[in-house]
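**Student:** If you scroll down you'll find the structure; I have some questions about it.
The values are calculated or read from the model by the stated rules, or taken from the named source; none is laboratory data. As the structure is a prediction and not an experimental result, all values here were calculated from the model. Cβ sites come from the backbone with ideal geometry, for glycine too, and all protein chains shown count toward neighbours. Ligands, DNA and RNA are excluded from the accessible area calculation, which covers all protein heavy atoms including side chains. Shrake-Rupley method; radii C 1.70, N 1.55, O 1.52, S 1.80 Å.
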Amino acid sequence: MESFTHDGVGTMIVDEKLESLREATSDDVGGVLQLIEPFEKDGTLVKRDRTEIERDIGHYTVIEHDGVIFGCAALYPYPEARTAEMAHSRFLLRCRGKAMASASSSASSNAPSAGLDTIFVLTTRTMHWFIKRGFAQVDADWLPEARKRKYNWDRRSQVLVKKLT
């Protein structure tokens, strides 16, 4: 018996692209919430409520496969410090690492045109992934003042920075 999945086991012929990377819209809020919920429950991500996602959806980039959102990244600017925070959700399947790199690249590619010199991430579990992609670890004191006030010292997130210029 042959089994077809969203990952493409089997053979499928289509006349359009099944996977796309795009800016999120208000129609994507439910998909983003569904994607990040397991990571919020296990403590990987900080809990975000629907109102927060709806308010910030313009900062999000999503990766969609056959109509299903399976990855996202958000870029929150701190223009006074010429930097932005890239918030991300890890993918449910390890084989999506290249797609996550695409989402990260897409989210950060708009940063230089916005007058930003760096992007940063806070992570408790995926530090190695970012280091392999050009990020360097810094002390939490490096964070912009507005972000430092919201930093949760109990989580002990690692701060990683990537220079864009």
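**Student:** Test D141 against the criterion of being without any contact (Cβ under 8 Å) to a residue 12 or more places away in the chain and assigned to a loop (DSSP other than H, G, I, E, B), and give yes or no. Explain how you work it out, then say what you get.
**Tutor:** Working: without any contact (Cβ under 8 Å) to a residue 12 or more places away in the chain: yes; assigned to a loop (DSSP other than H, G, I, E, B): no.
Here the answer is no, as D141 does not meet what is asked.
**Student:** If you go through the stretch 9-45, how many residues are open to solvent by less than 70 Å² (accessible area, probe 1.4 Å), modelled with pLDDT under 85 and either under 12 Å from I63 (Cβ atoms) or touching a strand residue (DSSP E or B) at 6+ places or on another chain (Cβ under 9 Å) (or both)?
**Tutor:** Of the residues in that region, 6 qualify.
**Student:** Could you give every pair whose Cβ atoms fall below 8 Å, whose first residue belongs to the stretch 67-81 and is on the phi < 0 side of the Ramachandran plot, and whose second residue is among the basic types (K, R) and open to solvent by less than 60 Å² (accessible area, probe 1.4 Å), counting only separations of at least 6 or pairs across chains?
**Tutor:** Here the result reads F70/R96; G71/R96; Y78/R147, each pair linking the stretch 67-81 to a residue that is among the basic types (K, R) and open to solvent by less than 60 Å² (accessible area, probe 1.4 Å).
**Student:** In the stretch 118-165, how many are at pLDDT 90 or above, open to solvent by 50 Å² or more (accessible area, probe 1.4 Å), over 13 Å from T44 (Cα atoms) and in contact with a Ser or Thr (Cβ under 8 Å, 6 or more places away or on another chain)?
**Tutor:** Within the stretch 118-165, residues that are at pLDDT 90 or above, open to solvent by 50 Å² or more (accessible area, probe 1.4 Å), over 13 Å from T44 (Cα atoms) and in contact with a Ser or Thr (Cβ under 8 Å, 6 or more places away or on another chain) number 2.
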